[in-house]
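For reference, the structure discussed in these notes is given below.
The values are calculated or read from the model by the stated rules, or taken from the named source; none is laboratory data. Keep in mind it's a predicted model, so treat the numbers as computed, not measured. Using ideal geometry, Cβ is built from the backbone for each residue, glycine included, and neighbour counts are taken over all protein chains shown. To get the accessible areas, we keep the full protein, side chains included, count just its heavy atoms, and leave off ligands, DNA and RNA. Shrake-Rupley method; radii C 1.70, N 1.55, O 1.52, S 1.80 Å.
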Amino acid sequence: MAFDTIEPSQRTAARVVGLTYLVALPPAIFAEFVVLGHLVSSDAAETARNIVAHERLFRLGIASNLGVFALDVVLIAALYVTLKPVHRGLALLAILWRMIETATLVGITLNDFTALRLLSGVDYLRTFEPERLQVLARLAISAHGAGYNVGLFFAGLGSTVFCCLWFKSGYIPKALAVWGVIASALMGACAFTFIVFPEAAKIVTVVYYGAPIFTFELTTGLWLTLRGIRPPTRSPVLLTEPSE
């Protein structure tokens, strides 16, 4: 099937992509910036006190993340259905990279439960000093951050490929697709840099690599939800009279 012919399944999947982008953004922001930003600090004792005092909020953050990861699976599948006709091999590569991202992020959620368990005050933990448990809980949350960088690296790879397919297809404005390629590559590159040079995260804050991809996903979500995908435009063919 040529990708300049849009099947009904593609149109439906594209709408799902748009809606999933829009629905997933608020809980993701709530979990990573509102909850963790409010409760977690560089001080282990303060972080422990915050989590114990606001355990329900911390658990809501975990639940929000799990909801986002479930939506990610829907998003990835819908992206594949939409863009598979453009290049099946690249779409498959992108979906595999994005699934590695989602599996990684689901796995690091276990660290949040570990932090809760360490601060729960259950009998078998009373052999440890409270200060040690606080440090261990803070260490588990730090592992959450490190794992997130791994997830963002694979997210950047997969999203870059998907955006290249958006560009090739012409289903969305090419300027928007180019912005997606740049934003995705920037996110993946920053995540990889933080793994090798963790001190760089103090200079390159989330605003620099998070705002571009947020803008792309929000804009693409609105476009696909309201407009859907369009067939690629073709240059007009000029007909001339045959010379005698």
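Descriptive notes on the structure:
- The number of residues in segment 63-105 that are within 17 Å of the chain's Cα centre (by Cα) and among the charged types (D, E, K, R) comes to 3.
- Among the residues making up segment 211-241, those that are among the hydroxyl-bearing types (Ser, Thr, Tyr) and modelled with pLDDT of 95 or more are 215, 219, 220, 225.
- When each of 223, 179 is tested for being assigned to a helix (DSSP H, G or I), open to solvent by 40 Å² or more (accessible area, probe 1.4 Å) and over 18 Å from residue 16 (Cα atoms), the lone residue that passes is 179.
- Flag if residue 140 is in contact with a Ser or Thr (Cβ under 7 Å, 6 or more places away or on another chain), open to solvent by less than 30 Å² (accessible area, probe 1.4 Å), in a helix (DSSP H, G or I) and under 30 Å from residue 45 (Cα atoms): yes
- Annotation: residue 232 fulfils all but one of (1) in contact (Cβ under 8 Å) with a residue 12 or more places away in the chain; (2) open to solvent by less than 50 Å² (accessible area, probe 1.4 Å); (3) in a helix (DSSP H, G or I); the unmet one is (3).
- The one condition in (1) among the hydroxyl-bearing types (Ser, Thr, Tyr); (2) open to solvent by 60 Å² or more (accessible area, probe 1.4 Å); (3) within 22 Å of residue 13 (Cα to Cα) that residue 160 fails to fulfil: (2)
- The residues in segment 163-176 that are assigned to a helix (DSSP H, G or I) and open to solvent by less than 10 Å² (accessible area, probe 1.4 Å) can be counted, and the count is 4.
- Segment 29-81: number of residues that are out of contact with any helix residue (DSSP H, G or I) (no Cβ under 7 Å at 6 or more places or on another chain) and not in a helix (DSSP H, G or I): 2
- Residue 32 being surrounded by fewer than 17 Cβ atoms within 10 Å (Cβ to Cβ) and either in contact (Cβ under 8 Å) with a residue 12 or more places away in the chain or within 30 Å of residue 232 (Cα to Cα) (or both): no
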